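Let me begin by presenting the structure, written as structure tokens, before commenting on it.
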Amino acid sequence: MKKSLILLVALIVSMVAVACSGDKTNTSGSTSTPSSKTTPTPNATIKPSSGKLAGVLRRTGDEPLTLDPALATDTSSAHYIVEIFGGLVKIGHDLRVTPELAESWTVSPDGKVYTFKIRKNAKFNDGRAVTAKDFKYTLERAADPATAAPVAEQYLGDIIGVNDKLLGNAKEVSGVKIIDDQTLQITIDASKAYFIAQMTYTITYVVDRANVESGGKTWALKPNGTGPFYLAKYTQGDSIVLKKNPNYWGTVSLDEIRYNLAGGDQMAQYQNGEIDVAGVGVNDLARVQNPKEPLNKELVKPDSLFDVSYIGFDVTKAPFDDVKVRQAFNHAIDKPTITKDVLANLSSPAFGILPPGFPGYSPDMKVLIYDPVKAKELIKQSKYGDVSKFPRIALTISGTGGDVGPVIEAFIQNWKDNLGVTVDIQQVESATFFQALQTNKRTHRMQMYALGWSADYPDPYDYLDILLYSKSANNYGSYSSPQVDQLLLQARAEQDVPKRVGLYNQAEQMIITDAAWLPLFYGGERYVLVKPYIKNYKLPPMVIERFKDVVVEAH
């Protein structure tokens, strides 16, 4: 999401098409000060455009689980939040941290104190100026136990006083200080190389206290945000409409974004002129790749996504409490063949944690490749000795459709053929699935689970620490290694970049060898159709603000 938040990522293992809702767009940058006299009305009724739809982008979208920046942990929600809200800093399209509502920042010599200067023209949708007081409220709200922000400890815990606030032992966060209306000071507990990037996560996006407190539990359905767009209409299961925020501090080229949440055949909608961009699934890929096909001229192939799908194990429960069993389950899956025959190479096989091209990625890891003979031998070497000694095994996935899809079916067949293990499938509705993940560390409700992770910011901490450090709340399988923890703790504070990357490489190698996960696929080659009247529509590898510079010409 900018973070996506990431956590969440749509389950690639249940997909046989590249969903347009999963694409992302780049922007070019220009700035000017919008008028502060125009105040948009949240949830205003949008009349159908007359004329030629210039300035209106039509696309499909996923239903968000929440629009509250403090509660979002999934990419579906993040796609909207990054357009409606904003933070002090953001990830730019060069994947560097750049100013957003803060025009600049400085760091103390000891690396612990960050001082942010807030733009004087930073405003909420209603025209009220954003101040340091708003950011202090935002961070303290996120750290308030009553808010129940799922990732507050992971993304804000470095700030002095946040953990005291989370435990209910303090009324405010001592490490967040207001210097004046335009100056905010944040003090962290130690110099940490990743901290400024972590401040791009949605939990730091500023919210309006009056908006939150007057709106109750549904306040985020009428948000007074600061992003390039405001929420004009939201009909669950049908549509979301975002409109240009005239009080945004920078320029916004696009007037309106219309998301169709009702589903349907994207290709048919695209060819019928109902939407302007569409993901290309495996059934249509060969046709649109043909240079003789008219749609071929509208085909866009962006870079790979910074995400990974995987199967997680509860390493505290049989049979996955034995490393050899986990290794065997890894060796038994023929990911290259599944990628080729089922996914038409729209993704690439994953054998590690960090995606290719991501900072810290190393192609030299010793990985657990497909080897059914070795898989059987590992079962014999395990403390169970034979699969007949295993308890019943279930793989939990998000969904309620009944049909799990050919990718999951291929996994189940691989385990049956290569290990002699029958794995049951348990489907759980999305909201319930993610709720269960948050409590899984305490209740261990899911023996195996299929999940994905999309980068929140380009730093190895966002994968290895957030997901696999033993004390992380996002370590859903309860994986624990003192050696890995020590390396991760060293890497957090290491300022020398090559040394820091080396520490992360060592930690990742240990995690792969321990088979904490069964990595499945990296978000590979996405193919998207884009109408010729759409300009500046690009697809970066992460969830970041991306639509403000898109231009839709009259058509």
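Annotation: Pro372 fulfils all but one of (1) within 26 Å of the chain's Cα centre (by Cα); (2) within 20 Å of Glu409 (Cα to Cα); the unmet one is (1).
Residue by residue, here is whether (1) among the aromatic types (Phe, Trp, Tyr); (2) closer than 28 Å to Asp465 by Cβ; (3) in contact with a Pro (Cβ under 8 Å, 6 or more places away or on another chain) holds:
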| position | (1), (2), (3) |
| --- | --- |
| Phe116 | yes, yes, no |
| Ala132 | no, no, no |
| Ala146 | no, yes, no |
| Pro150 | no, yes, no |
| Tyr155 | yes, yes, no |
| Val162 | no, yes, no |
| Ser191 | no, yes, no |
| Gln198 | no, yes, no |
| Ala210 | no, no, no |
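Filtering the stretch 185-195 for residues that are surrounded by 19 or more Cβ atoms within 10 Å (Cβ to Cβ), of a type outside the set (Lys, Arg) and closer than 30 Å to Lys243 by Cβ leaves an empty set.
From the residues in the stretch 394-417 that are crowded, with 18+ Cβ neighbours inside 10 Å, at pLDDT 90 or above and hydrophobic (A, V, I, L, M, F, W, C), which one is nearest to Glu429 (Cα to Cα)?
Here is the first cut: in the stretch 394-417, the residues crowded, with 18+ Cβ neighbours inside 10 Å are 395-399, 404, 407-408, 410-411, 414-415.
Okay, now just the ones that are also at pLDDT 90 or above, so 395-397, 407-408, 410-411, 414-415.
Among the residues that remain, those that are also hydrophobic (A, V, I, L, M, F, W, C) are: 395, 397, 407-408, 410-411, 415.
On the way: Leu395: 14, Ile397: 9, Val407: 19, Ile408: 17, Ala410: 22, Phe411: 21, Trp415: 25 Å.
Selected residue: Ile397.
In the list Ile275, Ile257, which residue meets the criterion of being buried (at least 16 other Cβ atoms within 10 Å of the Cβ), outside the structural domain of Arg59 (by TED's automatic domain parsing) and over 22 Å from the mean Cα position of the chain (by Cα)? Explain how you work it out, then say what you get.
Working: Ile257 fails: over 22 Å from the mean Cα position of the chain (by Cα).
Being buried (at least 16 other Cβ atoms within 10 Å of the Cβ), outside the structural domain of Arg59 (by TED's automatic domain parsing) and over 22 Å from the mean Cα position of the chain (by Cα) holds for just one of Ile275, Ile257, which is Ile275.
Could you list, in sequence order, the residues of the stretch 538-555 that are buried (at least 23 other Cβ atoms within 10 Å of the Cβ) and touching a strand residue (DSSP E or B) at 6+ places or on another chain (Cβ under 7 Å)? Please lay out each step first, then the result.
Going through the stretch 538-555, the residues buried (at least 23 other Cβ atoms within 10 Å of the Cβ) turn out to be 542-550, 552.
Passing the criteria: Met542, Val543, Ile544, Glu545, Phe547, Val550, Val552.
For Val151, the conditions (1) within 23 Å of Thr66 (Cα to Cα); (2) modelled with pLDDT of 95 or more; (3) crowded, with 22+ Cβ neighbours inside 10 Å are fulfilled apart from (2).
Of all the listed residues (Ile379, Ile333, Ile353, Ile369), the sole one being closer than 25 Å to Pro406 by Cα and free of Cβ contacts under 8 Å to residues at least 60 places away in the same chain is Ile369. Residues considered: Asp68, Asp23. Of these, the only one that is closer than 30 Å to Tyr155 by Cα, among the acidic types (Asp, Glu) and modelled with pLDDT of 85 or more is Asp68.
Closer than 16 Å to Met510 by Cβ, touching a residue at least 24 places away in the same chain (Cβ under 8 Å) and not small (Gly, Ala, Ser): does that describe Gln490? Let's see the steps before the verdict.
Working: closer than 16 Å to Met510 by Cβ: yes; touching a residue at least 24 places away in the same chain (Cβ under 8 Å): no; not small (Gly, Ala, Ser): yes.
It is false that Gln490 is closer than 16 Å to Met510 by Cβ, touching a residue at least 24 places away in the same chain (Cβ under 8 Å) and not small (Gly, Ala, Ser).
Does Ala210 qualify as being under 27 Å from Arg546 (Cβ atoms) and surrounded by fewer than 21 Cβ atoms within 10 Å (Cβ to Cβ)? No, not satisfied.
Only one residue in Ile179, Ile159, Ile188 is assigned by TED's automatic domain parsing to the domain that holds Met542, at pLDDT 95 or above and in contact with an Asp or Glu (Cβ under 7 Å, 6 or more places away or on another chain). Which one? Quick ask: steps written out before the conclusion?
Details: Ile179 fails: in contact with an Asp or Glu (Cβ under 7 Å, 6 or more places away or on another chain); Ile159 fails: in contact with an Asp or Glu (Cβ under 7 Å, 6 or more places away or on another chain).
When all the criteria are applied, what remains is Ile188.
For Asp94, the requirement of being at pLDDT below 95, out of contact with any Cys (no Cβ under 9 Å at 6 or more places or on another chain), buried (at least 21 other Cβ atoms within 10 Å of the Cβ) and of a type outside the set (S, T, N, Q) is not met. Condition check for Ala220 on (1) more than 30 Å from Lys535 (Cα to Cα); (2) surrounded by fewer than 22 Cβ atoms within 10 Å (Cβ to Cβ); (3) out of contact with any helix residue (DSSP H, G or I) (no Cβ under 8 Å at 6 or more places or on another chain): one failure, at (2).
If you take the residues of the stretch 97-117 that are out of contact with any Leu (no Cβ under 9 Å at 6 or more places or on another chain) and among the acidic types (Asp, Glu), which of them is modelled with the lowest pLDDT? The selected residue is Asp110. When you check Arg500 against the structure, is it basic (Lys, Arg), under 29 Å from Phe434 (Cβ atoms), more than 16 Å from the chain's Cα centre (by Cα) and buried (at least 22 other Cβ atoms within 10 Å of the Cβ), yes or no? In short, no.
Filter the stretch 290-342 down to the residues that are outside any helix (DSSP H, G or I), of a type in the set (D, E, K, R) and surrounded by fewer than 17 Cβ atoms within 10 Å (Cβ to Cβ) and list them by number.
Initial filter on the stretch 290-342 (outside any helix (DSSP H, G or I)): 290-293, 299-322, 332-334, 342.
With of a type in the set (D, E, K, R) added as a condition, the list becomes 292-293, 301, 303, 307, 314, 317, 321-322, 334.
Passing the criteria: Lys292, Glu293, Lys301, Asp303, Lys317, Asp321.
Residue by residue through the stretch 113-144, note down the ones that are within 27 Å of the chain's Cα centre (by Cα) and among the basic types (Lys, Arg). Lys123, Lys136, Arg141 - these are the residues of the stretch 113-144 that are within 27 Å of the chain's Cα centre (by Cα) and among the basic types (Lys, Arg).
Total residues in the stretch 145-170 satisfying the condition of being acidic (Asp, Glu) and in contact with a Leu (Cβ under 8 Å, 6 or more places away or on another chain): the figure is 1. On inspection, Tyr270 fails the criterion of being under 30 Å from Gly127 (Cα atoms), outside the structural domain of Arg546 (by TED's automatic domain parsing) and of a type in the set (Phe, Trp, Tyr).
The values are calculated or read from the model by the stated rules, or taken from the named source; none is laboratory data. Please read these numbers as outputs of a predicted model, since none were measured by experiment. Glycine gets a Cβ as well: all are built from the backbone with ideal geometry, and neighbour counts include every protein chain shown.
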